[in-house]
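Notes to accompany the following structure.
The values are calculated or read from the model by the stated rules, or taken from the named source; none is laboratory data. This is a predicted model, so every value here is computed, not measured. Positions of Cβ are backbone-derived with ideal geometry, glycine not excepted, and every protein chain shown enters the neighbour counts.
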Amino acid sequence: MKILNIHFKNINSLEGESRIDFEQSPFSDTGVFAITGPNGSGKSSILDAITLGLYGETFRFDRPAGHVMTQHTAECFSAIEFTLNKVKYRSSWHAQRRDANPESELTPPEMKLTRLSDDEVLATTAQQVCARITEITGMNFRNFTRSILLAQGDFAAFLNALDNERMDILEKIISADIYEDYRNEVNEKAAEAQQRLDYLKQDLSVIPIMEPGKLEACEHDLIDFTDQTTELREEQSDLKQQQASLQNVLTLQSRIAGQEKNLQQTKTLSESERQKLDQLTTAQDALLFKDDLEVIKEKNHEIHQDKATLTDFRGELKQLQDHIGADKAAPDGLPHKSVTEQGQILSEIRAQVGQLNAQRQSESDLWQSLGMQIDDKTSNLANVSKWLEEHVADESLLASFPETGRLKNLRAELVELKEKQKTFTKWSKNTTASLKNNTSAIAQENKRIAELKHKLPLAKKALEELAQGKNLAELEEFQQEQQERVKDFRALYTLAVTYQKLTKSGFSFFGIFGRKEQPNHDIEELESKLAALKQETSREENIKLTLETAVFRETLLRKMAADRPHLVDGEPCFLCGALKHPYAQHPPKEANSQQALADQKAKIKTLMTAAAKLEQQLKATRKQAEKNQANQTEQVRIKSQWQTLSNRLNTASEDLKINKLGLLQHRLNTEISELKTITAVVADYRKKQSGIEQLEALIAKGEATAERLQLNSRQLDAEWRERPKEEIDYDAALATCRQEEQQLADKVLAQLALLGEKMPAKGKEDALFDRLNARRQDYQSYAFRQKSLAEELEVLKTKAEHCQVEITACNEKLERYNQQLQSEEIVGLHLALIEKQKLIADKEQLIAKQEAELDLLKRALQDKMQGTQFTNLHELTEVLELLQHQPELERHLAELEQEIDAKTIDLEKSRLELEAENALVATELSPEQLDAQLKSVTEKLAIAGLETQRLEQLLNEQKQLKQKADAILIQLQDQEEIARLCGAEAAQIAEESGMAFRRRVQQRVADRLLSQTNAVLEKVSGRYYLRQMPSDQGLALEVEDTYQDNARRLPKTLSGGESFVVSLALALGLSELANNGKSVDSLFLDEGFGNLDSETLYTVISTLESLQTHGKTVGVISHVEGVQKRFKAQLQVVKKPNGMGMLKQVS
């Protein structure tokens, strides 16, 4: 929880309105700020404003409103904005005097809690706000003040107090509520443990575990059904194989019949094709007349096409004549017109007519649509009006709605009162029974106490024999010393192992395969060799340059050898201009410098490789030397540490050396064995001591139980005497509630009678309310619908009248254009008639000419056919068509013969397969009989499978239930032990004497506080830890300093700054304990710095500033001037002339 801003007015001596925003600079830039001002100026009033805004009270005044409001003012308020888990809230408190008069009496304060993320108001009364703040933050007012106001000053006194005073100071700091809180916590824990135990018993009782006899019978049945299933599956498999064999036989027989039929059809088709080919061998003369026959065919085709065209012309002419009619004479001026011109005129007129038709159609469609809408709206309006007339009674719901909600509340209150009266009667009976049970329980408890008192001396005697005169603290101290000794021995052994690895004196299996030891070379010798190699390499490089020059010259000589014969003495050379040419008569002798250069390069490469290896060797030698030096240094350091630790353990001797790991391991094992023995004794001592404490607690619990039972008897008797007054109160309230319920029921019944509804039964009021509310909403919607339909109907009628006018205008224009179109179409028909008659005459002449030519061709062909086997043209045409397809017939015949051979082979294979399959069939049953047997076996198998599945599921469920029961039983045993311990602790608290109980609770709080304080110290300083020491005088504390080898000293020896750090950690620890796990990040320190010197003050402020890294913001309230100057951010309280304070921000 972190406070974001504070807004308040007229709180104590802070007059006027003030606002502090911790989200703005400089407060957001630092983790600590100061609230400064003189004494009595009102610095602590800021804390009052915070607690007022959140809880409506302060830790200084019992009646906040009367004491907090500034004098001579009529209003005060406080509003706090805070964030928790990234959600922002605002809580406000407001108080004022009547009539805004400073002298008038106070009105009750008002409070409100709002969640700022969605502006939802969470609470509006003081009680609700406090409850919700406690729920949200997890802290009530008391815990909040502990968390936000750090009691650093009180804890400083706590640290410096005597051991026997610290517990009382701690109680004063925390308050005496810790005892009641602890008692409630233990009782709630015991109740929860018992409730959990009851739940486990209930869970165990409802698990349906089957009896062992029935479970064994189910297992035997499962085995029988499993065997039966296996036999049935084998029988089913055999029947399926027989069925498959019979089916294969039938399939083969059917396939053979089909193959025989296909073979016969193929043979018939082959014979037909063969006859056609035989016929063609005798008709080869028909090819002589093929050309003549083709000419005749073409001529016939032309005549046929022309006749078809002529028929079409005549049909068109007949249509034109029929359309014109016999009584219509041809218009004048036809010879001067053409068909094309007349077509253009007709197209223009038709376009105008089409446009007008489209316009008229559009208007007609719109008029029809509007008519349909008018009819639809009229029908809807009639339906709505009819509905309103039928539901006229619902109109009363708009003015007077039945109070069913109040009726429901009265009925619920009546039921509650009756239940209370019934509960009181039951309580009277239970009280009488409880008085009798208490007497019996007291006798049983006294008997149990006597048995426990007999066991207690025996347990104490066994504990004394185990301890042998020592107490638990001495044993634990001895155990701790042995633990430190084992820890030191382990460190001693670790140092020895490390030393052995460095010296490599031990033998290791893996060392056999380790890397080779580097040879020990002299660094100066290696450096000398490397310098000599580099010098030699330089010399060889110079020789290489010389050889490269020689190779260049030889190459140039060879290149110029071809031009040397052309040189003539006395004539200048074309390269150098010389007049004499000695090389022309005596050419220079060639040498092999190229090979010498290659050898020189190889030599230089060898030298460079040797130098590189030498450099690597030198580098490795230097590294090894450095490593050896570091190794020796580390050996000396480890040996020194080992010797120091050995002396501290008092184990130094001539036999025990650092290189003797076996002896060190033996000593370490011996120390560990001693530690285990001591630990076992301490654990056994604690166990026996715990058993004694439990016996004492049970005895105390039994005595307390007996006393509590007697007290309960007295309380029950007292409660029994007061019962008549409570009965009278319940009866009066019940009578009043009945009267109010009856009056309201009569009123509602009268209203419902008008609406045709019945009085709702108890629990049905909400349904009636929903129904009546739906009727009211329906009536409202229908009335609105009636009004809107009437308005829409008027608009549609106006649009329909406009459409009717447009349709009439279009009809008049269409009539004129249609008359003009009709006259122009008559002219066009007459022109088309004349044109068509001309075309018919031309076509008739052409056909007559073509028929004459065809007759001549036929007579000529007939003359050629004289003396041949052909008698007419039809026979010749058929023969020629067959000759044309002769190759196809021959190919088809060959394919048919191949197909016959293949089908014959397939038929023989199928017959062989049938014979083989018949030999495999081992049954004499028919397929129908096999199907019946297979169906019967399958049904039996399904039944057996279902039964097997049912038994397996049943056994699995029983197995799971058994496992579940076993698990619950284990939990039950553990929970019984937990419930017993919790009950014993609760009984011990109930019967424990006042001082012993106080000390135990104080010790528990101190342990938790020290644990939390050490956690804070680890974050803040990392140096100090508070340790509790055993003491019979009270709470003994020591401060452990980790910077001084964990040395311990008394708190009084701490310096001022050190004391502040530890006391601040105690205050922060208490804050963490009080906030129930919800961290409070806005903290305040009130005074406490007056006696600190400058150096200590610097340490204090640095410690407070370091809290910012943990998300904390601390406000320091102080009047010391030296403290004020140390803080960057300040809130100054300045006194006005009238003595009141005013808040001022300073940075």
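Considering only the stretch 756-770, how many residues are surrounded by fewer than 15 Cβ atoms within 10 Å (Cβ to Cβ) and in a helix (DSSP H, G or I)?
Within the stretch 756-770, residues that are surrounded by fewer than 15 Cβ atoms within 10 Å (Cβ to Cβ) and in a helix (DSSP H, G or I) number 3.
For the stretch 1023-1042, which residues satisfy the criterion of being surrounded by 16 or more Cβ atoms within 10 Å (Cβ to Cβ) and among the β-branched types (Val, Ile, Thr)?
Of everything in the stretch 1023-1042, just one residue is surrounded by 16 or more Cβ atoms within 10 Å (Cβ to Cβ) and among the β-branched types (Val, Ile, Thr), namely VAL1039.
Just to be sure before I move on: is GLY333 modelled with pLDDT of 80 or more and either over 30 Å from GLN743 (Cβ atoms) or surrounded by 12 or more Cβ atoms within 10 Å (Cβ to Cβ) (or both) in the structure I sent?
So GLY333 fails the test.
Specify which of the listed residues (LEU1066, LEU972) is touching a residue at least 40 places away in the same chain (Cβ under 8 Å) and more than 38 Å from the chain's Cα centre (by Cα).
LEU1066
Regarding GLN973, is this residue outside the structural domain of ASP224 (by TED's automatic domain parsing) and part of a helix (DSSP H, G or I)?
No: the conditions fail for GLN973.
Could you tell me whether any residue of the stretch 936-948 is hydroxyl-bearing (Ser, Thr, Tyr), free of Cβ contacts under 8 Å to residues at least 60 places away in the same chain and over 30 Å from LEU239 (Cβ atoms)?
Checked the stretch 936-948: no residue is hydroxyl-bearing (Ser, Thr, Tyr), free of Cβ contacts under 8 Å to residues at least 60 places away in the same chain and over 30 Å from LEU239 (Cβ atoms).
Yes or no: the stretch 46-63 includes at least one residue that is out of contact with any strand residue (DSSP E or B) (no Cβ under 7 Å at 6 or more places or on another chain) and on the phi > 0 side of the Ramachandran plot.
No, the stretch 46-63 has no match at all.
Quick check, is LEU397 modelled with pLDDT of 80 or more, assigned to a helix (DSSP H, G or I), out of contact with any His (no Cβ under 7 Å at 6 or more places or on another chain) and crowded, with 16+ Cβ neighbours inside 10 Å?
Criteria not met by LEU397.
Scanning for something among the hydroxyl-bearing types (Ser, Thr, Tyr), over 30 Å from GLU928 (Cβ atoms), assigned by TED's automatic domain parsing to the domain that holds ARG911 and touching a helix residue (DSSP H, G or I) at 6+ places or on another chain (Cβ under 8 Å), does the stretch 192-201 turn up at least one residue?
no
Being in a strand (DSSP E or B) and either under 15 Å from ILE80 (Cβ atoms) or charged (D, E, K, R) (or both) is the filter here; which residues of the stretch 15-35 pass it?
Listed by number, the residues that qualify are GLU15, GLU17, SER18, ARG19, ILE20, ASP21.
Tell me whether the stretch 230-252 contains one or more residues that are part of a helix (DSSP H, G or I), among the hydrophobic types (A, V, I, L, M, F, W, C), surrounded by 11 or more Cβ atoms within 10 Å (Cβ to Cβ) and at pLDDT below 80.
Within the stretch 230-252, none of the residues are part of a helix (DSSP H, G or I), among the hydrophobic types (A, V, I, L, M, F, W, C), surrounded by 11 or more Cβ atoms within 10 Å (Cβ to Cβ) and at pLDDT below 80.
With in contact with a Pro (Cβ under 7 Å, 6 or more places away or on another chain), polar (S, T, N, Q) and at pLDDT 70 or above as the only criterion, which of ASN160, ASN164, ASN140 stands out?
ASN160
Enumerate the pairs (first residue in the stretch 1022-1042 and in the same structural domain as LEU159 (by TED's automatic domain parsing) and without any contact (Cβ under 8 Å) to a residue 24 or more places away in the chain; second residue anywhere and surrounded by fewer than 17 Cβ atoms within 10 Å (Cβ to Cβ) and β-branched (Val, Ile, Thr)) with beta-carbon separation below 6 Å, excluding pairs fewer than 6 apart on the same chain, so at least 6 apart or on different chains.
ARG1023/THR1042
Where in the stretch 85-139 are there strands (runs of 3 or more DSSP E), lying wholly inside it, with at least 3 residues that are assigned by TED's automatic domain parsing to the domain that holds MET1 and of a type in the set (Ser, Thr, Tyr)?
In the stretch 85-139, 87-96 are the strands (runs of 3 or more DSSP E) which contain 3 or more residues that are assigned by TED's automatic domain parsing to the domain that holds MET1 and of a type in the set (Ser, Thr, Tyr).
Has the stretch 874-881 got any residue that is surrounded by 15 or more Cβ atoms within 10 Å (Cβ to Cβ) and in the same structural domain as GLU234 (by TED's automatic domain parsing)?
No, the stretch 874-881 has no match at all.
Collect the residues in the stretch 200-223 that are free of Cβ contacts under 8 Å to residues at least 12 places away in the same chain and either over 15 Å from LEU954 (Cβ atoms) or hydrophobic (A, V, I, L, M, F, W, C) (or both), keeping them in residue-number order.
Those that are free of Cβ contacts under 8 Å to residues at least 12 places away in the same chain and either over 15 Å from LEU954 (Cβ atoms) or hydrophobic (A, V, I, L, M, F, W, C) (or both): GLN202, SER205, VAL206, ALA217, ILE223.
Can you give me the number of residues within the stretch 609-624 that are under 60 Å from the mean Cα position of the chain (by Cα) and touching a residue at least 24 places away in the same chain (Cβ under 8 Å)?
3
Given the criteria basic (Lys, Arg) and in a helix (DSSP H, G or I), does LYS580 qualify?
no
Scan (1) surrounded by 22 or more Cβ atoms within 10 Å (Cβ to Cβ); (2) within 23 Å of ASN1138 (Cβ to Cβ); (3) of a type in the set (A, V, I, L, M) for the single condition ALA34 breaks and write down its number.
Only one criterion in (1) surrounded by 22 or more Cβ atoms within 10 Å (Cβ to Cβ); (2) within 23 Å of ASN1138 (Cβ to Cβ); (3) of a type in the set (A, V, I, L, M) is unmet by ALA34, namely (2).
Kindly indicate whether any position in the stretch 117-126 is within 29 Å of LEU1085 (Cα to Cα) and surrounded by 13 or more Cβ atoms within 10 Å (Cβ to Cβ).
For the stretch 117-126, residues within 29 Å of LEU1085 (Cα to Cα) and surrounded by 13 or more Cβ atoms within 10 Å (Cβ to Cβ): present.
Within the stretch 264-273, can one find any residue that is surrounded by 15 or more Cβ atoms within 10 Å (Cβ to Cβ) and modelled with pLDDT under 80?
yes
Tell me, please, whether a residue that is in contact with a Lys or Arg (Cβ under 9 Å, 6 or more places away or on another chain) and either part of a loop (DSSP other than H, G, I, E, B) or under 21 Å from VAL1039 (Cα atoms) (or both) can be found in the stretch 148-156.
Yes, that holds for at least one residue.
Does ALA732 count as surrounded by fewer than 12 Cβ atoms within 10 Å (Cβ to Cβ) and under 30 Å from ASN430 (Cβ atoms)?
Criteria met by ALA732.
Residue-wise test of (1) modelled with pLDDT under 80; (2) in a helix (DSSP H, G or I); (3) of a type in the set (A, V, I, L, M, F, W, C).
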site	(1), (2), (3)
ALA611	no, yes, yes
LEU614	no, yes, yes
SER640	no, yes, no
ASP655	yes, no, no
ASN669	no, yes, no
ASP717	yes, yes, no
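Go through (1) surrounded by fewer than 14 Cβ atoms within 10 Å (Cβ to Cβ); (2) assigned to a helix (DSSP H, G or I) for GLN866 and report which single condition fails.
Unmet for GLN866, out of (1) surrounded by fewer than 14 Cβ atoms within 10 Å (Cβ to Cβ); (2) assigned to a helix (DSSP H, G or I): (2).
If you take the residues in the stretch 1049-1087 that are among the polar types (S, T, N, Q) and over 19 Å from ARG1027 (Cβ atoms), which one is modelled with the lowest pLDDT?
ASN1076
Test LEU197 against the criterion of being in contact (Cβ under 8 Å) with a residue 60 or more places away in the chain, farther than 30 Å from ALA979 by Cα and surrounded by 14 or more Cβ atoms within 10 Å (Cβ to Cβ), and give yes or no.
no
Which residues, counting only those in the stretch 884-915, are over 23 Å from LYS261 (Cβ atoms) and among the aliphatic types (A, V, I, L, M)?
LEU889
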